[in-house]
Amino acid sequence: PQPDPQLGAAVKAADRAHVFHSWSAQELIDPLPVAGAEGSYFWDFEGNRYLDFTSGLVFTNIGYQHPKVVAAIQEQAGKLATFAPAFAIEARSEAARLIAERTPGDLDKIFFTNGGADAVEHAVRMARVHTGRPKILSAYRSYHGGTATAINVTGDPRRWASDTGTAGVTHFWAPFLYRSPFHSDSEAQECARALQHLEDTIVFEGASTVAAIVLETIPGTAGIMVPPPGYLAGVREICDRYGIVFVLDEVMAGFGRTGAWFAADHFDVVPDLLTFAKGVNSGYVPLGGVAISGAVAETFAKKPYPGGLTYSGHPLACGAAVATINAMEEEGMIEHTARIGADVIGPALHEMAARHPSVGEVRGLGAFWALELVRDRETREPLVPYNASGAAAAPMGAFAAAAKKNGVWPFVNMNRTHVVPACNISEAEAKEGLAALDDALTTADEHTV
Ligand code: PLP
């Protein structure tokens, strides 16, 4: 497309005058006006094109403007653009069937929400009503959404400003060997100690007061920490022993991101509730939901579920989910993602880590990778301090600017960059982006000791 700086300037001016942005000091941000996007790329009004290594906020699992999904949304809009939630609607029924057929175990009933945070809100409510218990346990180094309960369940600094008012959430440490809260020196030790710590937390909180344990199967924004073998199975066993509902949040890790339909598939674990959003329809229309086990569904078989949404199972969003899931299936995206992670992205990142002193650890699988950037590999001191902003965060800002100059839009969170492209990114595109990151890492290397 032809550059159109004038239109870009008008888009930016109206944004700066009227759009109030998430998580931001409104006068300190400088949003890039975006003219369009296709596949793994987006472009501005000046003629600059970027390879998107963020998938938006890790949601465009099938890339931008997938023709089958765009066509399905157009078709659904022509057929039935909207309808109230209490009716049986073709797009909604079909989306629920396709999702239920792919979720693990007996997670066979689907409650649709508008996104991830409200999926977590409803999972928590279902667990509290199901158990008759008040408390929720969740992990530090997690993100579960921006609404009242979901932000309290979150275990990162975004929670702090909203930590007033909502009682009933206790945080615990989940395993993370590179920065082990338990000073472990092996995965097996980290797993055993993390499980013991979780059980101690339950006992001291009072097991009979704990409704649910909420965990991201593989924590996403907090750093893509793949749990050690046995951890999630251990949590499942603890939940069973104490009658606690096990909630896995797959809002980010689900729908192909890890090279499986759900990250839980890698660990052979079945939660009682599984939350999803983002990749379910690649965010083309807002949609999220909770997949519900037989036992929890039974609680609400004869007694009403005390919750709902005007747009629960919105036809446009569900039509987009049906088309997305079918496209992923038809185009072999799950297998592609597993392969590109194992054969292309992972090896390239490990090879880069060997050359760049700023890379402390490489973690991930599929299209879900984190580079932990450090000032000092020996001490593992992060490249920028935890939750740094302004001048203290400048080294990460400089890294991001270098990546953008090289034509890649990087995902940056604290001292990490995540490599989270579209799951159907081609091998050539992945290599192009990795080369650009490789070059940008020299900027980070300058800040090492
Ligand atoms: N849960 C997880 C694991 C997430 O990564 C996110 C968003 O990043 C959410 C919940 C919240 O989803 P949403 O922003 O759609 O409300």
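The values are calculated or read from the model by the stated rules, or taken from the named source; none is laboratory data. None of these values were measured; they are calculated from a predicted model. Methodologically, a virtual Cβ is constructed for each residue, glycine included, from the backbone with ideal geometry; neighbour enumeration extends over all protein chains shown.
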Open item on the list: Can you say whether Pro421 is part of a loop (DSSP other than H, G, I, E, B), in the same structural domain as Trp23 (by TED's automatic domain parsing) and either among the basic types (Lys, Arg) or within 21 Å of Phe255 (Cβ to Cβ) (or both), as far as the supplied structure shows?
Closed with: yes
TODO: Would you point out the residue of segment 85-95, among those that are closer than 13 Å to Ala320 by Cα and aliphatic (A, V, I, L, M), that is surrounded by the most Cβ atoms within 10 Å (Cβ to Cβ)?
DONE: Ala95
- [ ] Determine which member of the set Ile73, Ile110, Ile99, Ile151 is more than 14 Å from the ligand (Cβ to nearest atom) and out of contact with any Phe, Trp or Tyr (no Cβ under 8 Å at 6 or more places or on another chain).
- [x] Ile110
Task: Subset of segment 142-196 (residues that are in a helix (DSSP H, G or I) and hydroxyl-bearing (Ser, Thr, Tyr)) - done: Thr149, Ser162, Tyr178
- [ ] Among the numbered conditions (1) in contact with a strand residue (DSSP E or B) (Cβ under 9 Å, 6 or more places away or on another chain); (2) free of Cβ contacts under 8 Å to residues at least 60 places away in the same chain, tell me where Leu349 comes up short.
- [x] (2)
- [ ] Filter segment 113-139 down to residues that are in a strand (DSSP E or B) and among the aliphatic types (A, V, I, L, M) and give me whichever is nearest to the ligand (Cβ to nearest atom).
- [x] Ala139
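Take the conditions among the basic types (Lys, Arg) and within 16 Å of the ligand (Cβ to nearest atom) and apply them to Arg158. Does it pass?
On the way: among the basic types (Lys, Arg): yes; within 16 Å of the ligand (Cβ to nearest atom): yes.
Considered against the rule, which asks whether it is among the basic types (Lys, Arg) and within 16 Å of the ligand (Cβ to nearest atom), Arg158 comes out as yes.
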Open item on the list: Restricting to segment 34-64, name every residue that is polar (S, T, N, Q) and either more than 16 Å from Met333 (Cβ to Cβ) or within 16 Å of the ligand (Cβ to nearest atom) (or both).
Closed with: Asn48, Thr54, Ser55, Thr60, Asn61
- [ ] Looking at (1) within 16 Å of the ligand (Cβ to nearest atom); (2) in contact with a strand residue (DSSP E or B) (Cβ under 7 Å, 6 or more places away or on another chain), find the lone condition where Arg236 falls short.
- [x] (1)
- [ ] Considering (1) surrounded by 22 or more Cβ atoms within 10 Å (Cβ to Cβ); (2) in contact (Cβ under 8 Å) with a residue 60 or more places away in the chain, say which one Thr82 fails and leave the rest.
- [x] (1)
- [ ] Could you please let me know if Gly366 is crowded, with 23+ Cβ neighbours inside 10 Å, on the phi > 0 side of the Ramachandran plot and outside the structural domain of Thr217 (by TED's automatic domain parsing)?
- [x] yes
Open item on the list: Quick check on this structure: which one of Thr275, Thr258 is more than 10 Å from the ligand (Cβ to nearest atom) and not aliphatic (A, V, I, L, M)?
Closed with: Thr258
- [ ] Give the residues of segment 424-448 that are touching a residue at least 40 places away in the same chain (Cβ under 8 Å), part of a helix (DSSP H, G or I) and farther than 25 Å from Ile62 by Cβ, sorted by residue number.
- [x] Asp438, Ala440, Leu441, Thr442, Thr443, Ala444, Asp445
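For Phe262, state whether it is assigned by TED's automatic domain parsing to the domain that holds Leu198, at pLDDT 95 or above, touching a Leu at 6+ places or on another chain (Cβ under 8 Å) and under 21 Å from Gly132 (Cβ atoms).
Values: assigned by TED's automatic domain parsing to the domain that holds Leu198: yes; at pLDDT 95 or above: yes; touching a Leu at 6+ places or on another chain (Cβ under 8 Å): yes; under 21 Å from Gly132 (Cβ atoms): no.
Answer is no for this residue.
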- [ ] Give Glu361, Glu378 a once-over and let me know the one that is among the acidic types (Asp, Glu) and in a loop (DSSP other than H, G, I, E, B).
- [x] Glu378
Open item on the list: So for segment 215-226 (the condition being away from the ligand (no atom under 16 Å from the Cβ), crowded, with 16+ Cβ neighbours inside 10 Å, assigned by TED's automatic domain parsing to the domain that holds Ala253 and within 22 Å of Asp272 (Cβ to Cβ)), does at least one residue qualify?
Closed with: no
Open item on the list: Yes or no: segment 332-347 includes at least one residue that is under 30 Å from Ala84 (Cβ atoms), at pLDDT 95 or above and more than 16 Å from the ligand (Cβ to nearest atom).
Closed with: no
Task: Whichever residue in segment 179-192 is of a type in the set (D, E, K, R) and free of Cβ contacts under 8 Å to residues at least 60 places away in the same chain and, among such residues, is surrounded by the most Cβ atoms within 10 Å (Cβ to Cβ) - done: Glu190
Open item on the list: Residues that are away from the ligand (no atom under 16 Å from the Cβ), touching a residue at least 40 places away in the same chain (Cβ under 8 Å) and among the polar types (S, T, N, Q): does segment 193-201 have at least one?
Closed with: yes
TODO: Working only within segment 245-254, note down all residues that are more than 12 Å from the ligand (Cβ to nearest atom) and either surrounded by fewer than 24 Cβ atoms within 10 Å (Cβ to Cβ) or within 20 Å of Ala95 (Cα to Cα) (or both).
DONE: Phe246
Open item on the list: Need the failing condition index for Val384 against (1) part of a helix (DSSP H, G or I); (2) out of contact with any Lys or Arg (no Cβ under 8 Å at 6 or more places or on another chain); (3) surrounded by 14 or more Cβ atoms within 10 Å (Cβ to Cβ), just the number.
Closed with: (1)
